[in-house]
Amino acid sequence: MAGALASLPDLSVAAAIDPVVPHYREWNSATTEWLRLSHMPGNGDWEWPESLAAESRAEVALRNMVAHTPTTPEGVAACTHAVWRLIGPGCAPSTPDFQRELALPEFKLLAAIWRATGGEGAYPA
C-alpha cells in the first residue's frame, strides 16, 4: 500500500492552480458572448465582427483547454461543463424530450461527474 501511495503524483502544488480553469473561463465567457450576440436583430448569419471575434476567442480557448489535464475538482468540473455544452442534451430544458435525454447513460455519467466535482445543480446549466 505504501508503494502505491508513493507512486501517486504530488498534487499539492498543482491543486493551487489548475491549468484548465483559466482557459475554461475564457471559453465560457466567449461562448456566452457569442450566444448573446447570436440573438441580436440583424445578426442572423452570425457574421457581425463581434460574433466572429467571440467565436475565434472561444475556439482558441477550447484548444488551449483541451491541451491540458485538469488537476483539481474545479478543473474536472470545468471540463465536464464544456463537454456538456458541446455534446449535451439538444432539447430545451423545459421539454419532455430534455428529460428523456437526461436519462441517457452518457448524460447521467456527465451529471454524476459534475456533482462529484462540486458543480451546482443536478447537471451543468
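The values are calculated or read from the model by the stated rules, or taken from the named source; none is laboratory data. Fair warning: this is a prediction, and the values are worked out from it, not measured in the lab. We place every Cβ from the backbone using ideal geometry, glycine too, and count neighbours over all the protein chains shown. Side chains included, ligands, DNA and RNA excluded: accessible areas come from the protein's heavy atoms. Shrake-Rupley method; radii C 1.70, N 1.55, O 1.52, S 1.80 Å.
Scanning the range 42-55 for residues that are open to solvent by less than 60 Å² (accessible area, probe 1.4 Å) and in a helix (DSSP H, G or I), which turns out nearest to Val83 (Cα to Cα)? Residue satisfying both the conditions and the ranking: Ala54.
Give the range 74-95 a look and list any residue that's over 11 Å from the mean Cα position of the chain (by Cα), open to solvent by less than 80 Å² (accessible area, probe 1.4 Å) and not polar (S, T, N, Q), or say none. Within the range 74-95, Pro89, Gly90, Cys91, Ala92 qualify. Checked against (1) surrounded by 11 or more Cβ atoms within 10 Å (Cβ to Cβ); (2) at pLDDT below 95, His39 passes all but a single condition, namely (1). Applying the selection to the range 96-114, what residues are closer than 17 Å to Val83 by Cβ and open to solvent by 90 Å² or more (accessible area, probe 1.4 Å)? Result: Glu106, Lys108, Leu109. Being among the basic types (Lys, Arg), more than 17 Å from Ala122 (Cβ to Cβ) and either open to solvent by less than 50 Å² (accessible area, probe 1.4 Å) or in a helix (DSSP H, G or I) (or both) is a description that applies to Arg63. Going residue by residue through the range 10-27, is there one that turns out to be without any contact (Cβ under 8 Å) to a residue 60 or more places away in the chain, small (Gly, Ala, Ser), assigned to a helix (DSSP H, G or I) and exposed (fewer than 12 other Cβ atoms within 10 Å of the Cβ)? There is no residue in the range 10-27 that is without any contact (Cβ under 8 Å) to a residue 60 or more places away in the chain, small (Gly, Ala, Ser), assigned to a helix (DSSP H, G or I) and exposed (fewer than 12 other Cβ atoms within 10 Å of the Cβ).
Residues that are more than 22 Å from Val66 (Cα to Cα), touching a Lys or Arg at 6+ places or on another chain (Cβ under 9 Å) and either among the charged types (D, E, K, R) or in a helix (DSSP H, G or I) (or both) are absent from the range 103-123 altogether.
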